[in-house]
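Asker: This is the structure, below, for whatever I ask next.
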Amino acid sequence: MYTSEISLRVRYGETDQMGYVYYGNYAEYFEVARVEALRNLGLSYKAIEEKGVLLPVYSYSVKFFKPAYYDDVLSIKTEIREIPLARITFYYKTYNLSDVLLNEAETTLVFISRESGKPIAATEDIVAKLKLFF
């Protein structure tokens, strides 16, 4: 299993009238965590796309347990639990500085050929980098 972790601070504009982080902002937080998880593997999202491979989101789900607030520093732990085939799934857990679990989420992305628009197998470089953790 591969794991990665990032920290980010909640900005005022990301909160709602209750003072909570607006739920829709978590999708963006998870995107940052996902891109950085790949970067920590030595893979660039930009380079993947330049090779003609796109990674659209196939599914996204989140369960909320506690809210996050303006100026909180959040830690998002990202896991890849299996070697990807034609899809790659990222699992996330978000914690505050008190180490309280705020939510759990997952996104599944599909490897798509930019040229044909059809699903393809995970690229060899991604599979090779991840195999080191399994």
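Asker: For a label point 7 Å from the Cα of ARG81 along Cα→C-beta, name the residues of region 29-59 whose backbone N is under 16 Å from it.
Answerer: 59
Asker: Report, by chain and number, residues whose modeled amide H sits under 5 Å from the one on ALA68, excluding near sequence neighbours (fewer than 5 apart, same chain).
Answerer: VAL21
Asker: If the label point is 7 Å along Cα→Cβ of GLU106, which residues in region 66-90 have backbone nitrogen under 17 Å from it?
Answerer: 77-90
Asker: Would you pull out the residues with amide H under 5 Å of THR15's amide H, same chain only if 5 or more places away, H placed 1.01 Å from N?
Answerer: It is TYR22, by chain and number.
Asker: For GLU14, what is the net charge nearby, where nearby means another residue's Cβ is under 13 Å from its Cβ and Lys, Arg count +1, Asp, Glu -1?
Answerer: -2
Asker: Now, a different point. With θ taken as phi - 60° and the coefficients 6.51, -1.76 and 1.60, list the Karplus ³J(HN,Hα) couplings across region 67-74 in order, rounded to whole Hz; mark glycine and proline as x.
Answerer: x, 10, 10, 3, 6, 5, 9, 9
Asker: Give, in whole angstrom and from largest to smallest, the semi-axes √(5λ) of the equivalent ellipsoid of region 2-131, with λ running over the eigenvalues of the Cα gyration tensor.
Answerer: 29, 15, 12
Values quoted throughout were computed directly from the atomic coordinates according to the rules given, and no laboratory measurement underlies them. Keep in mind that what you see is a predicted model, and the values were worked out from it rather than measured. As a convention, Cβ positions derive from the backbone with ideal geometry for all residues, glycine included, and neighbour counts pool all protein chains shown.
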